[in-house]
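What follows is a set of notes on a single structure, which appears directly below.
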Amino acid sequence: MPKSPDDLEGLKAERAAADRAYNDALTRLDAAIQAFPQKFPASPPGPDVQQLASLNTRWKITAPAPEPGIRGRFAAAVRRIVAPLFEQQEAFNGALVDHLNRNAPVQQASGDAIEAGLTVLREHIANLARFQTLLIVFLQQITPYVDTRDRDVAGLLRALSGGIDAVSNELLKRSEALLARDHQHERRLSDMQTELQDIRARLAELQDRVAPERSASPPR
């Protein structure tokens with residue numbers, strides 16, 4: 001509930017409670033700053049292509065040169081019997097080598113993409129931690145800034161109060177001087193009235209003295 005501007009103690013207690021709540025929230029925010037993880041995942045290794053060049057040259061099954069004589073004819077007959085098996089094996093070797101050749105660039109591209117993603121993630125986490133730190137520093141400056149503004153306003157109010165006091169004192173001095181002059185005028189008027197009354201009394205006394213003398217003197 002808002003306090004009345006005249007309730008100084010209530011306003012002071014409300015300000016202290018607000019300061020405690022702000023400091024507590026700032027402490028919790030400071031404790032929640034994200035730190036860069038110590039066990040950050042490493043980039044996956046690239047594809048193993050060490051034997052790929054050898055496989056590309058050795059996947060075909062080459063039949064030996066024919067030999068003369070009975071041995072050569074026997075070997076030729078055996079080759080004709082197992083030729084389908086060799087053809088199947090050679091086809092399998094070719095498909096396998098083709099698959100390895102096609103898969104190696106895909107694995108390399110995937111590794112590059114993961115490496116780029118991890119790099120972006122590292123930078124993002126570092127920037128986020130830096131932003132949070134700067135935010136904490138900024139929030140920590142709010143209270144000193146507000147206090148400075150309060151002191152500035154208090155200084156202006158003191159200066160204004162001093163100016164008002166100076167003007168009030170000057171007006172008071174002038175009013176006292178005017179009152180003193182009024183009192184002097186009143187005293188002068190009172191003195192003049194007293195003197196005028198004395199003069200009137202003397203005139204009346206002279207008239208009283210002159211009147212019998214005029215009535216006693218013979219006419220000419």
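Normalised by the number of residues in the chain, the average gap of Cα pairs under 8 Å and 6 or more apart makes the relative contact order 28 percent. Rounded to two decimals, the Cα-based Rg/Rh of region 20-140, with Kirkwood Rh, is 1.51. Comparing Leu172, Leu29, Leu134 in a Gaussian network model of the chain (Cα springs below 10 Å), the most mobile by mean-square fluctuation is Leu172. Three principal axis extents describe the C-alpha atoms of region 158-212; from largest down they are 80, 6, 6 Å.
Give the calculated FRET efficiency between Glu176 and Arg15 to the nearest 0.05, with a Förster radius of 25 Å applied to their Cβ-Cβ distance. Efficiency for this residue pair is about 0.05. Measuring from a point 7 Å past the Cα of Asp30 along Cα-to-C-beta, which residues in region 125-146 have an amide N at less than 12 Å? Once the point is set 7 Å along Cα→Cβ of Asp30, 136-141 turn out to lie under 12 Å by backbone N, inside region 125-146.
For the chain, modelled as a GNM whose springs connect Cα atoms under 10 angstrom apart, the maximal fluctuation among Gly72, Gly162, Gly94 occurs at Gly72. Among the listed values (i) 215, 40, 24; (ii) 65, 39, 26; (iii) 70, 33, 33, the one matching Cα extents along the principal axes in Å as calculated from this structure is (i). With both labels modelled 7 Å from their Cα along Cα-to-Cβ, the Asn103 to Glu205 distance reads 14.9 nm. Across region 20-140, C-alpha contacts under 8 Å between residues 6 or more apart give a mean separation that, scaled by the residue count, equals a relative contact order of 53 percent.
Since every read-out is calculated from the coordinates, none of them should be taken as a lab result. Bear in mind the structure is a predicted one, so any value in this text is a computation, not a measurement. Note: ideal-geometry Cβ built from the backbone for every residue, glycine included; neighbour counts use all protein chains shown.
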